[in-house]
Amino acid sequence: MFTRGEVQISADLFAEEQARLTAQIETLRATEEQDKAVEQRSADSADRFDEIATYLAKIDVDALWDAATDTERRVLIDELIEAVDVHDHLAVTI
């Protein structure tokens, strides 16, 4: 029996509480690791986006278009359309 002033805690209750707190700590650590992994993937994606944006900014699209055959232009248009995503956002105000 553990005592501190007027508070008395049995060894079993102490062990249960210690196990519960240990499980919470482990859960928090796992969540923190997952959050760090998500942040790292996000940072990596942002870096990759910047690389691609820089590359695309250097491309002379007019010259590319002018040099392309009709078939190549069709492929360019098809690939562009496939790469376009439209996201609808629903905002609810109460």
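Taken together, the values in this text are just the output of simple stated rules run on the coordinates, not laboratory data. Note that the structure is predicted; figures quoted are calculated from it, not measured. All Cβ positions, even for glycine, are placed from backbone atoms using ideal geometry, and neighbour counts span all protein chains on display.
List of remarks:
- Whole-Hz ³J(HN,Hα) from phi, Karplus 6.51 cos²θ - 1.76 cosθ + 1.60, for the range 40-49, glycine and proline x: 5, 4, 5, 5, 4, 5, 5, 5, 5, 4
- Scaled against 2.2 N^0.38 Å for its residue count N, the alpha carbon radius of gyration of the range 2-83 is 2.52.
- Tail weight of P(r) past 13 Å, computed on alpha-carbon pairs of the range 37-85, percent: 70
- Cα→Cβ-extended label distance, 7 Å offset, between THR31 and GLN8, nm: 3.6
- Computed from the C-beta positions of VAL84 and GLN40 and an R0 of 41 Å, the FRET efficiency is 0.90 to the nearest 0.05.
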